[in-house]
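*Asks:* Questions regarding the structure given below will be posed in turn.
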Amino acid sequence: MAPKIEKLTESFRLGEGPHWDKATQSLYFLDCISQNLVRYDPATKKVTKASAAPKQPTFIIPVEGKKGQFIISLNKELAIISWDGESDKFSIVEKLCVADDAPETANNKFNDGKCDSSGRLWAGTLNIDKEDEDKTLPVGTLYSFDSKRQLKGQVSKVRLTNGIAFNDKTKKMFYIDTLKGSVDRFDFDVINGTITNRQAWFTLAKNNVPGKPDGMTIDTDGNLWVAVFEGARVIKVDGNKSETLLDTIELPAQQVTSVSFGGPNLDELYVTSASFEYKGRTPPPPDNGALYKITGTGSKGLPANNFKLA
């Protein structure tokens, strides 16, 4: 049976960073350009927004053992916030650190972020060329940030950090620098928080996939689900055999940005999208920019990792 695609919400300018929270059975994500944190409650279909303006948030991840607390990005800062998920305001509990604090990286911001199974955050910075994204310079860094508040540069000369996924069974980390046009794989030591032996794992152009790789998640079989920006699709990529496309699910949104498994059984794939001007064209609402849910994929996700703070 073909997967079922359901549009859940209004159109956002840049829906991003979906994170399924098992504790509240709800989806947290961002509307980055509008500078909002967003919570979607499937039980009530209610959408709640909280403004982070004038700063831009790009990820929101619950803090383990701290009800209503999250680690978020605010431009190039990391902060712990308190938010009840119901009101339109949040409060900052603690500012953790500032990344790329040098004159040449003054305009850098964080983009995508995920936590590994030890509760360590992985997140990258960038400075997108607003006139032509393809001319974005490699001035970003992929960082890790652990419970001891140590910010560590892991990959330098990054252009556009996006999808991150971990496979603890095979000790691998998958990573997307969007402008490389590929999903890359590292050997991953979760105990020490180190990555080595980077290799291109799945290249979109080699597999005739239009668009650019964006956000990503992993299922219980170790396969990758990748949002394809400007590709109007989510692709399923073999996580155990390189350059192998397993499935394609086309969507009514052109700018597909990220994915996260959710629902009580983690078998519902939530998909964020965007509706902002890109290379002279603005894809129109309501289909573009909406949050979608895909069921019937035959796959299940893993529980999303929360951030752990000592």
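*Asks:* Pairs only if they're at least six apart or on different chains, beta carbon under 7 angstrom, first in segment 117-139 and within 20 Å of residue 57 (Cα to Cα) and at pLDDT below 95, second of a type in the set (Lys, Arg) and surrounded by fewer than 15 Cβ atoms within 10 Å (Cβ to Cβ); list them, first residue then second.
*Replies:* As it stands, the answer is 129/135, since those pairs meet every condition given.
*Asks:* Name the pairs whose Cβ atoms lie under 9 Å apart, with the first residue in segment 169-186 and under 17 Å from residue 136 (Cβ atoms) and part of a loop (DSSP other than H, G, I, E, B), the second modelled with pLDDT of 95 or more and basic (Lys, Arg), and 6 or more positions between them or separate chains?
*Replies:* 181/212
*Asks:* Whether any residue in segment 114-127 is of a type in the set (Lys, Arg) and surrounded by 23 or more Cβ atoms within 10 Å (Cβ to Cβ) is what I want to check.
*Replies:* Looking for residues that are of a type in the set (Lys, Arg) and surrounded by 23 or more Cβ atoms within 10 Å (Cβ to Cβ), one finds at least one in segment 114-127, hence yes.
*Asks:* Next question. State all residues of segment 295-310 that are hydrophobic (A, V, I, L, M, F, W, C), farther than 13 Å from residue 260 by Cα and under 18 Å from the mean Cα position of the chain (by Cα); if no residue qualifies, say none.
*Replies:* 307
*Asks:* Do we find that residue 292 is surrounded by fewer than 24 Cβ atoms within 10 Å (Cβ to Cβ), aromatic (Phe, Trp, Tyr), over 16 Å from the mean Cα position of the chain (by Cα) and closer than 17 Å to residue 16 by Cα in this structure?
*Replies:* no
*Asks:* I've got another one for you. Specify the residue that is surrounded by the most Cβ atoms within 10 Å (Cβ to Cβ); the eligible residues are those in segment 259-282 that are among the polar types (S, T, N, Q) and either free of Cβ contacts under 8 Å to residues at least 60 places away in the same chain or closer than 18 Å to residue 128 by Cα (or both).
*Replies:* Per the criteria, the residue is 275.
*Asks:* Hey, any hits in segment 47-54 for a residue that's under 22 Å from residue 193 (Cβ atoms), at pLDDT 95 or above and touching a Ser or Thr at 6+ places or on another chain (Cβ under 7 Å)?
*Replies:* So in segment 47-54, the residues under 22 Å from residue 193 (Cβ atoms) come out as none.
Within segment 47-54 (the criterion being under 22 Å from residue 193 (Cβ atoms), at pLDDT 95 or above and touching a Ser or Thr at 6+ places or on another chain (Cβ under 7 Å)), the answer is no, since none of the residues qualifies.
The values are calculated or read from the model by the stated rules, or taken from the named source; none is laboratory data. Quick caveat: nothing in here was measured; it's all calculated off a predicted structure. Every residue, glycine as well, gets a Cβ built from its backbone with ideal geometry; the counts of neighbours run over all protein chains shown.
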